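*Asks:* Please read through the structure below; I'll follow up with questions.
The values are calculated or read from the model by the stated rules, or taken from the named source; none is laboratory data. None of the values given here were measured: they were computed from a predicted structure. Here the Cβ positions follow ideal geometry from the backbone for every residue, glycine too, while neighbour counts run over all protein chains shown.
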Amino acid sequence: MDIYQNISELRTSVRSWRREGQVIGFVPTMGNLHDGHLSLIRKARERSDRVVASIFVNPLQFGEGEDFDGYPRTESRDQSLLIENGCDALFAPAVTELYPEGGMPVTIVEVPQLSNILCGAHRPGHFRGVATVVAKLFNLVEPDLAVFGEKDYQQLVVIRRMVEDLCFPVEIVPATTGREPDGLAMSSRNQYLTDNERAIAPVLFAELRKAVEALGSGKQTPEELCRAGLAALEEAGFRPDYFEIRRASDLAQVGEDDLRVVIMAAAWLGRARLIDNIQVDLEYTSG
Ligand code: PAF
């Protein structure tokens, strides 16, 4: 696997692959790779001649008081895992390579309508940071396709919209959330959980599943289901930020005619902010 820390070397390689007509698949990450990330690499591998991953802990998407400094950085382990899973190139720039002026770049990319709701309401500026860095990475890697995990469902919707609005010639490929055997969605932040919190954490996914079943039975309104979800999370020891049912395509409030919805929740458990979601096709679940 080739490892690039600077932009010009990365560009020389990817452009030579592109001239040869090779399909380039891209997986952006912040490192500390787990099996969820590796499934994204494998998915890119199936569809591409060359797979490029990036590891960059992007300061722009962390708010004040968030875990930018403490975010786990495990470079050499990550490199071995990428090699084992068939990655061809890793772009791992220093912060100064992507943001030479330091701090906030003058040009930013923002999808405001999708960025200030749900997680964005609790993490102001987060999706602006994500959209800006992903736009930069797309311009550097120039991939044909890029794989994003469905665990970060709002991020996926934001990136899709950015790609559409700014005419990036990149296919966004969603990948199913990787889960532990007890259902907990894989996340680098799971390692912040104490043993006791780790035992409670699967309740988040369990409550989402209960809401899916209840939605299908039609006995409760979406509002009642969300209130019940929030109460159950609090009861289990979480500090929930939200439990919501939204239209899957654009995260709008659900209307009566919407058949494809997503049930999303975010909740703190100790130091870890956990997020998860389940997409639901109401056509097939309604009883
Ligand atoms: O999902 C992530 O790991 C990050 O938000 C991303 C897409 C790599 C941008 O920094």
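*Asks:* Tell me, which helices (runs of 4 or more DSSP H) lie completely within the stretch 43-139 with 1 or more residues that are among the small types (Gly, Ala, Ser)?
*Replies:* Qualifying helices (runs of 4 or more DSSP H): 75-84, 112-115, 119-122.
*Asks:* Working carefully through the options ASP35, ASP49, ASP69, find the one that is out of contact with any strand residue (DSSP E or B) (no Cβ under 7 Å at 6 or more places or on another chain) and closer than 16 Å to PHE148 by Cα.
*Replies:* ASP35
*Asks:* Same structure, new question: Just to be sure before I move on: is PRO124 more than 11 Å from the ligand (Cβ to nearest atom), in contact with a Gly (Cβ under 7 Å, 6 or more places away or on another chain) and either among the charged types (D, E, K, R) or under 22 Å from ASP276 (Cβ atoms) (or both) in the structure I sent?
*Replies:* Working: more than 11 Å from the ligand (Cβ to nearest atom): yes; in contact with a Gly (Cβ under 7 Å, 6 or more places away or on another chain): yes; either among the charged types (D, E, K, R) or under 22 Å from ASP276 (Cβ atoms) (or both): yes.
The answer is yes for PRO124.
*Asks:* Going through the stretch 7-32 one residue at a time, which ones are surrounded by fewer than 18 Cβ atoms within 10 Å (Cβ to Cβ) and under 10 Å from GLU142 (Cα atoms)?
*Replies:* ARG11, ARG15, ARG18
*Asks:* Could you pull out every one of the helices (runs of 4 or more DSSP H) wholly within the stretch 148-231 that has 2 or more residues that are touching a strand residue (DSSP E or B) at 6+ places or on another chain (Cβ under 9 Å) and surrounded by fewer than 16 Cβ atoms within 10 Å (Cβ to Cβ)?
*Replies:* On the way: elements: 153-165, 195-200, 203-217.
Result: 203-217.
*Asks:* Just to check your reading of the model, which residue among GLY102, GLY65 is under 30 Å from ALA267 (Cβ atoms), away from the ligand (no atom under 15 Å from the Cβ) and free of Cβ contacts under 8 Å to residues at least 60 places away in the same chain?
*Replies:* Unique residue meeting the criteria: GLY65.
*Asks:* Still on this structure, I have one more. Take the conditions closer than 21 Å to THR177 by Cβ and at pLDDT 95 or above and apply them to GLY21. Does it pass? Walk me through it before giving the result.
*Replies:* Values: closer than 21 Å to THR177 by Cβ: no; at pLDDT 95 or above: yes.
No; evaluated as a whole, the condition is false for this residue.
*Asks:* Say whether the condition of being of a type in the set (Lys, Arg) and either at pLDDT below 95 or more than 22 Å from GLU46 (Cα to Cα) (or both) is met by at least one residue in the stretch 161-170.
*Replies:* Yes, the stretch 161-170 contains at least one residue that is of a type in the set (Lys, Arg) and either at pLDDT below 95 or more than 22 Å from GLU46 (Cα to Cα) (or both).
*Asks:* Just the residues that are part of a loop (DSSP other than H, G, I, E, B), in contact (Cβ under 8 Å) with a residue 24 or more places away in the chain and not hydrophobic (A, V, I, L, M, F, W, C), please, taken from the stretch 1-23.
*Replies:* Listed by number, the residues that qualify are GLN5, ASN6, GLN22.
*Asks:* Here is a further query. Test GLY149 against the stated conditions and say whether it is touching a residue at least 40 places away in the same chain (Cβ under 8 Å) and within 30 Å of VAL280 (Cα to Cα).
*Replies:* In short, yes.
*Asks:* If you go through the stretch 152-170, how many residues are over 21 Å from THR107 (Cβ atoms) and either more than 13 Å from the ligand (Cβ to nearest atom) or in contact (Cβ under 8 Å) with a residue 40 or more places away in the chain (or both)?
*Replies:* 4
*Asks:* Exactly one of (1) touching a Lys or Arg at 6+ places or on another chain (Cβ under 6 Å); (2) exposed (fewer than 15 other Cβ atoms within 10 Å of the Cβ) is unmet by SER249. Its number?
*Replies:* Checking SER249 against (1) touching a Lys or Arg at 6+ places or on another chain (Cβ under 6 Å); (2) exposed (fewer than 15 other Cβ atoms within 10 Å of the Cβ), the one that fails is (1).
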